[in-house]
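Asker: Just passing along the structure, written as structure tokens.
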Amino acid sequence: MDFLDSIIREAGERFGLGNKAGDLLAALLGLITDRKQGGFTGFLDRFRQAGLGNAVSSWITRGDNTPISDEQLESALGTETVKDIAARAGVDSAAATSALAYLTPKVVDTLTPDGTVPDESSLLSRVSGFLSGFGGTAAGAASAKASETFNRLDNATGGDAKSSILKWLIPLLILLGLLILGFWYCNRTPTPVGNTNVNTNVNRPANTNANANAVARAVNSSVSIKAENGKYTVTGVVPDEATKKQIVDALTAQYGADNVNFDGLRVDASAKSLGAGWWDNFSKLLPNLKDWKTGELSFVGNAITATSGLPPVAIAQIKSLFSSWTLPVSISGAETTAKQANEESLKELGEARTVDEVVKALNVSIISFASDSSQIPADAKPVLEKAAEVLKKQPEGTTIEIGGHTDSDGNDDANLKLSQTRADAVKKALVALGVKETMLTAKGYGETAPVAPNDTPDNKFKNRRIEYKTGSGNSLTTTETKPSANTNSR
């Protein structure tokens, strides 16, 4: 397929993988179709459990795909899984991590063209079609051979083959291709990578001092509890069996063994522990969740990413017990703050005539991005629409910089990427509203330009922001900026 060839070629060039990009993609498809790992749904659930539910939704539904960082990929799949895929493809693990983070959104998007997760038979059919693009793999050879065999048979029968054997032959060929892919993925001898000429520095910051070949990055622990009519599903990753046993024992005692499923809770020794005091605070919270029947509660690293359906007393206790953690906007108070700020920004934009006045008004607004997401929420769009009306009237040569900023939580590189992605999203939205692209630049600063110390939740909230600057040409001047021009998380 042309599309498959295109992303293989781009990944090969971008990450210095050459022809091995095809092997890496084949290994990724092998994981996606592995029934023992839960198949496609199980693959997507790993990302949801790592707090990337919004990103997964963007890959499946129509629209832009939210990118993920190397760290987010490892948090979802686990360091050992990524290393295994890299070894099977004969690729350095650091380069494989970056390439897989790049490939995953594109592959999921391609496998869900109608905006829904396909059933198993439809998935196998689509993957079988993709395999024809892998000329250098066993799976690709099998797919090509199957196609050639069918075409010869069809020609020999004058086209009658399509009507007489299509119903049983095509499924068999699809199954054959998938069986070979699974066999190749599970049994291929890992290729030594010590002497390969893979460029592991492509797209990596110049100031990175870590030896990517020697040190595997740790992933964040996560625990997610989904309640549905008094039945509870617990998923996530924890660093050791002792932590898992604590969780299993406590939830079993509270809800009963028949009502709780722990199949999705796994142990990864490379996972970093959840935030300080998590178990003590969770133990105190648990009694107030006894009557909780439907909703979701999720912990990732030192953040709470979901709190739907919880009783008010539990919400109040979370705000008290986890006051130093990053909380969802729905309970942190940021939602109310954003609403008030955006109302004030709209009022100022209604009176704005010059670019300086527009920038000043924009710096009052708050874009409450969801955790690790760059999708602009609906409540911020009226502000951008009003700003675009004024910006379209500005003279040639007007320039505005859209700067993305985060707090200091998390990985430096991931914060830098996230801030750039969010700044790009705001620029794209303004261009879509008719603002000239040449007027706008987007730059991610990560955590490098705080407006307050990163020592309290309130100060971190101030540092998570989109900040606008204006000037002429390349000479940019910061207008008066209120420290409340924030984004929600990280």
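The values are calculated or read from the model by the stated rules, or taken from the named source; none is laboratory data. The shown structure was predicted, so the numbers you read here are calculated from the model rather than taken from an experiment. For neighbour counting, all protein chains shown are included, and Cβ atoms are generated from backbone atoms with ideal geometry for every residue, glycine included.
Asker: Taking the condition out of contact with any helix residue (DSSP H, G or I) (no Cβ under 7 Å at 6 or more places or on another chain) and assigned by TED's automatic domain parsing to the domain that holds SER122, does GLY63 pass?
Answerer: yes
Asker: Next up: Tell me which of these GLY18 doesn't satisfy, since it passes every other one: (1) surrounded by fewer than 20 Cβ atoms within 10 Å (Cβ to Cβ); (2) out of contact with any strand residue (DSSP E or B) (no Cβ under 9 Å at 6 or more places or on another chain); (3) part of a helix (DSSP H, G or I); (4) among the small types (Gly, Ala, Ser).
Answerer: GLY18 satisfies all of (1) surrounded by fewer than 20 Cβ atoms within 10 Å (Cβ to Cβ); (2) out of contact with any strand residue (DSSP E or B) (no Cβ under 9 Å at 6 or more places or on another chain); (3) part of a helix (DSSP H, G or I); (4) among the small types (Gly, Ala, Ser) except (3).
Asker: What's the number of the only condition in (1) surrounded by fewer than 24 Cβ atoms within 10 Å (Cβ to Cβ); (2) closer than 22 Å to ASP23 by Cα; (3) within 16 Å of the chain's Cα centre (by Cα); (4) modelled with pLDDT under 85 that PRO105 fails to meet?
Answerer: PRO105 satisfies every listed condition except (4).
For every residue, the table says whether it meets (1) in contact with a Gly (Cβ under 7 Å, 6 or more places away or on another chain); (2) part of a loop (DSSP other than H, G, I, E, B).
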position	(1), (2)
GLU348	no, no
SER368	no, yes
PRO395	no, yes
LEU416	yes, no
VAL426	no, no
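Asker: Looking at segment 397-412, which of the residues that are at pLDDT below 90 and of a type in the set (D, E, K, R) is surrounded by the most Cβ atoms within 10 Å (Cβ to Cβ)?
Answerer: Across segment 397-412, the extreme among qualifying residues is ASP407.
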